[in-house]
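The values are calculated or read from the model by the stated rules, or taken from the named source; none is laboratory data. All values reported here derive from a predicted model rather than from experimental measurement. As a convention, Cβ positions derive from the backbone with ideal geometry for all residues, glycine included, and neighbour counts pool all protein chains shown.
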């Protein structure tokens, strides 16, 4: 959701439009109005430049997902690049020695080593590949399911058999490296789509599955399933098996138990931490674990009752894998694209960015976009890319995580970060980034931001950690830095969307919450929150049965919303009466914004619509964009300028897009092959 000022022309339209009109009627009316406003005729005004101007990749990076170690080499896989890259890292020289392109998928969370080869399970298509380090050959092994899905995790049993956890079937698969035969041996939790983590010993495969959240053991011989879940229906994390003990995490705790589910020991995380993303167990039973939000490494000794901080090699980073290279050296791979070596006895570490070590970055799926004073700011994985339009320069600034939402105010760019759930401020002129505050309160995923002109307050909406339902509305005073968090504004719903007008924050919910737990409500709500009294004024379910409000914007007393489930359903609700005045379907879901008095929606797979005001049906203003966002399609309009343009994507390229609905030619050239 973004807002921009009304032009004289748009005010004239609002004042003189008494009835809904068709797109053709509006176009004819606008041609007359533009001439009356002493503007050029429509052909003169629209033809000199193409509808979409492409400037090349919006954001380039080399973030990582899967990682494993074989001998003195580590193998890592890029995230979101197309094609995905499997890179071999020499642990002795600390350089990237060679890379291999994966034919399918956009990355691979799943990696393991078996029979001297590296196995990689990709996402997008659930394919498994085998890389032979001796020959450099890459071979397709199997597809675990249908044409679309994820191989979330791979592990190797002591006898060399490989096991996989998959989505959307919630399956446990067995793969024999000797002949490549693959078969699903269990769907251990009825109705669950995510088999997320997996480990194996001589007799069983252990898996974290959701939702509902379960920790299970699958007998390798009989394929029978045993429920081990010590905390019931919660999201269980990564798994490690050592001797007769199984270690995992859940609900901000480290869990250790016998492999039959007995003798459970529970160690709480520090209150500052939300979840664990990687585990390693030493020969003496010491467990090493990395946590979000700090990105720290902790250890738990068998005789201790609490976690001990070892070090924070890559602050506020996510971790894909940690591996003990020897009794004193822990090797880690981060989501940002860095790797590190940590001396667990002294706490000293060395961090290497793999781009500096020889890994070539590529165009990624951007997270967010903003425009300010001739600079387009694009949020990516662990970085901000600034495009200086006058000079053509591109500058990258590292940030700790993914800017899921951005907002410009008085030349500064406010960033709502994942997974740290903190608010950062970027000064594009100086490239300085400072931390304004942290949301906390069990929140992890920011979705939207807005600024209220009347109160001078910034508002952010978030989804909670996995396993929780209730999101939060965060109110930030940019003048003082005060951060006030209000969890549970909408009962048992994450908050996905927000706009703020005249001291009221309007929020949209999602009954699925943070995932990993069954919803308690059947319909998503819209709520009005008073920013002065700090209380919820009212709540309404505008479209019963619709579970997720993806985005919303308020304009001229109407609230326009776009739903995610069913994708592309949209509505306009009168705020005074709280009744739905209009409803229809778009090609998909995405984000809404206001520019020059007009309401727009940028949606999947490839369009931007004008929704209103005063239209009987949505009008397509740009199409054939195929915008490849990591989150939602969005547009940053050239606010404050006499412009009908905004900045978005065509493919993965940064694009200047004409938003003028009354230009007769909407032809859109294809994106450059970058």
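Conditions (1) closer than 30 Å to residue 638 by Cβ; (2) without any contact (Cβ under 8 Å) to a residue 40 or more places away in the chain, marked per residue:
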| position | (1), (2) |
| --- | --- |
| 287 | no, no |
| 297 | no, no |
| 305 | no, yes |
| 364 | yes, no |
| 381 | yes, no |
| 389 | yes, yes |
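Going through the range 382-398 one residue at a time, which ones are within 21 Å of residue 338 (Cβ to Cβ) and surrounded by 21 or more Cβ atoms within 10 Å (Cβ to Cβ)?
382, 383, 384, 385
Evaluate the following for residue 279: is it more than 22 Å from residue 208 (Cα to Cα) and assigned to a strand (DSSP E or B)?
Considered against the rule, which asks whether it is more than 22 Å from residue 208 (Cα to Cα) and assigned to a strand (DSSP E or B), residue 279 comes out as no.
Could you say which residue among 63, 50 is at pLDDT below 90 and either surrounded by fewer than 23 Cβ atoms within 10 Å (Cβ to Cβ) or within 30 Å of residue 95 (Cβ to Cβ) (or both)?
Numbers: 63 fails: at pLDDT below 90.
After ruling out the rest, the residue left standing is 50.
One residue is enough: does the range 72-95 have a residue meeting the conditions touching a helix residue (DSSP H, G or I) at 6+ places or on another chain (Cβ under 8 Å) and either more than 30 Å from residue 128 (Cα to Cα) or modelled with pLDDT of 50 or more (or both)?
For the range 72-95, residues touching a helix residue (DSSP H, G or I) at 6+ places or on another chain (Cβ under 8 Å) and either more than 30 Å from residue 128 (Cα to Cα) or modelled with pLDDT of 50 or more (or both): absent.
When you check residue 355 against the structure, is it surrounded by fewer than 17 Cβ atoms within 10 Å (Cβ to Cβ) and under 23 Å from the mean Cα position of the chain (by Cα), yes or no?
So residue 355 passes the test.
Go through 607, 565 for me and flag whichever is in contact with a strand residue (DSSP E or B) (Cβ under 7 Å, 6 or more places away or on another chain), more than 26 Å from residue 456 (Cα to Cα) and modelled with pLDDT of 95 or more. Working first, answer last.
Numbers: 565 fails: modelled with pLDDT of 95 or more.
That would be 607, the only listed residue that is in contact with a strand residue (DSSP E or B) (Cβ under 7 Å, 6 or more places away or on another chain), more than 26 Å from residue 456 (Cα to Cα) and modelled with pLDDT of 95 or more.
For the structure I just gave you, tell me whether residue 421 is farther than 29 Å from residue 494 by Cβ and modelled with pLDDT under 95.
In short, no.
On the basis of being without any contact (Cβ under 8 Å) to a residue 60 or more places away in the chain and in contact with a strand residue (DSSP E or B) (Cβ under 6 Å, 6 or more places away or on another chain), does residue 118 make the cut?
Yes; evaluated as a whole, the condition is true for this residue.
Can you go through 595, 627, 574 and tell me which one is farther than 28 Å from residue 81 by Cα and touching a residue at least 24 places away in the same chain (Cβ under 8 Å)? Break it down stepwise before answering.
Working: 627 fails: farther than 28 Å from residue 81 by Cα; 574 fails: touching a residue at least 24 places away in the same chain (Cβ under 8 Å).
It is 595.
Tell me yes or no: at least one residue of the range 423-431 is part of a loop (DSSP other than H, G, I, E, B), touching a residue at least 40 places away in the same chain (Cβ under 8 Å) and under 18 Å from the mean Cα position of the chain (by Cα). Before you say what the answer is, go through the steps one by one.
Applying the first criterion (part of a loop (DSSP other than H, G, I, E, B)) to the range 423-431 yields 428-431.
Narrowing further to those that are touching a residue at least 40 places away in the same chain (Cβ under 8 Å): 428, 431.
Then drop every residue that is not under 18 Å from the mean Cα position of the chain (by Cα), which leaves none.
No; the residues of the range 423-431 include none that is part of a loop (DSSP other than H, G, I, E, B), touching a residue at least 40 places away in the same chain (Cβ under 8 Å) and under 18 Å from the mean Cα position of the chain (by Cα).
Which members of the range 483-505 meet the condition of being over 16 Å from the mean Cα position of the chain (by Cα), under 17 Å from residue 450 (Cβ atoms) and surrounded by 24 or more Cβ atoms within 10 Å (Cβ to Cβ)?
Narrowing the range 483-505 to residues over 16 Å from the mean Cα position of the chain (by Cα): 483-493, 498-505.
Okay, now just the ones that are also under 17 Å from residue 450 (Cβ atoms), so 483-486, 489-490, 498-505.
Selection gives 490, 498, 499, 500, 505.
Quickly run through the range 330-347 and pick out the residues that are in a strand (DSSP E or B) and either out of contact with any strand residue (DSSP E or B) (no Cβ under 8 Å at 6 or more places or on another chain) or modelled with pLDDT under 95 (or both).
So in the range 330-347, the residues in a strand (DSSP E or B) come out as 330-334, 338-343.
Residues satisfying the conditions do not exist here.
Does residue 468 count as at pLDDT below 95 and crowded, with 21+ Cβ neighbours inside 10 Å?
Yes.
Quick check on my filter: what residues within the range 245-279 are within 12 Å of residue 300 (Cα to Cα) and buried (at least 21 other Cβ atoms within 10 Å of the Cβ)?
247, 254, 255, 256, 279
Taking the range 453-479 as the region of interest, how many residues are closer than 14 Å to residue 438 by Cα and in a loop (DSSP other than H, G, I, E, B)?
Result for the range 453-479: 2.
Could you check the range 647-674 and list, in sequence order, the residues that are modelled with pLDDT under 75, within 9 Å of residue 56 (Cα to Cα) and surrounded by 18 or more Cβ atoms within 10 Å (Cβ to Cβ)?
671
Could you grab me the full set of residues in the range 440-465 that are over 25 Å from residue 563 (Cβ atoms) and at pLDDT below 95?
Here is the first cut: in the range 440-465, the residues over 25 Å from residue 563 (Cβ atoms) are 440-442, 453-458.
Listed by number, the residues that qualify are 440, 441, 442.
Of all residues in the range 613-636, which are at positive phi and over 25 Å from the mean Cα position of the chain (by Cα)?
Scanning the range 613-636 gives a single hit, 614.
For residue 327, are the conditions met, namely being closer than 23 Å to residue 357 by Cα and part of a loop (DSSP other than H, G, I, E, B)?
Answer is no for this residue.
Considering each of 237, 213, 171 in turn, give the residue that is farther than 23 Å from residue 70 by Cα, touching a residue at least 60 places away in the same chain (Cβ under 8 Å) and either surrounded by 23 or more Cβ atoms within 10 Å (Cβ to Cβ) or in contact with a helix residue (DSSP H, G or I) (Cβ under 9 Å, 6 or more places away or on another chain) (or both).
213
Counting only residues that are within 21 Å of residue 565 (Cα to Cα), give me the strands (runs of 3 or more DSSP E) lying completely in the range 583-669 with at least 3 of them. Give the derivation first.
On the way: elements: 590-595, 598-603, 607-612, 619-622, 645-650, 653-658.
Per the criteria, 590-595, 598-603, 607-612.
Being out of contact with any helix residue (DSSP H, G or I) (no Cβ under 6 Å at 6 or more places or on another chain), in a loop (DSSP other than H, G, I, E, B) and closer than 19 Å to residue 647 by Cα narrows it down to one residue among 396, 365, 316; which is it? Step through it out loud before you land on a result.
Numbers: 396 fails: in a loop (DSSP other than H, G, I, E, B); 316 fails: closer than 19 Å to residue 647 by Cα.
Only one candidate passes the filter, namely 365.
Sort out for me the strands (runs of 3 or more DSSP E) sitting completely within the range 481-523 that have 2 or more residues that are in contact (Cβ under 8 Å) with a residue 60 or more places away in the chain.
Counting at least 2 such residues, we get 494-501.
Identify all residues within the range 427-464 that are farther than 21 Å from residue 500 by Cβ and surrounded by 24 or more Cβ atoms within 10 Å (Cβ to Cβ); write none if there are none.
If the condition is that a residue be farther than 21 Å from residue 500 by Cβ and surrounded by 24 or more Cβ atoms within 10 Å (Cβ to Cβ), then 464 is the only one that fits.
Could you please give the count of residues in the range 534-554 that are part of a strand (DSSP E or B), touching a residue at least 12 places away in the same chain (Cβ under 8 Å) and surrounded by fewer than 18 Cβ atoms within 10 Å (Cβ to Cβ)?
The qualifying residues number 4.
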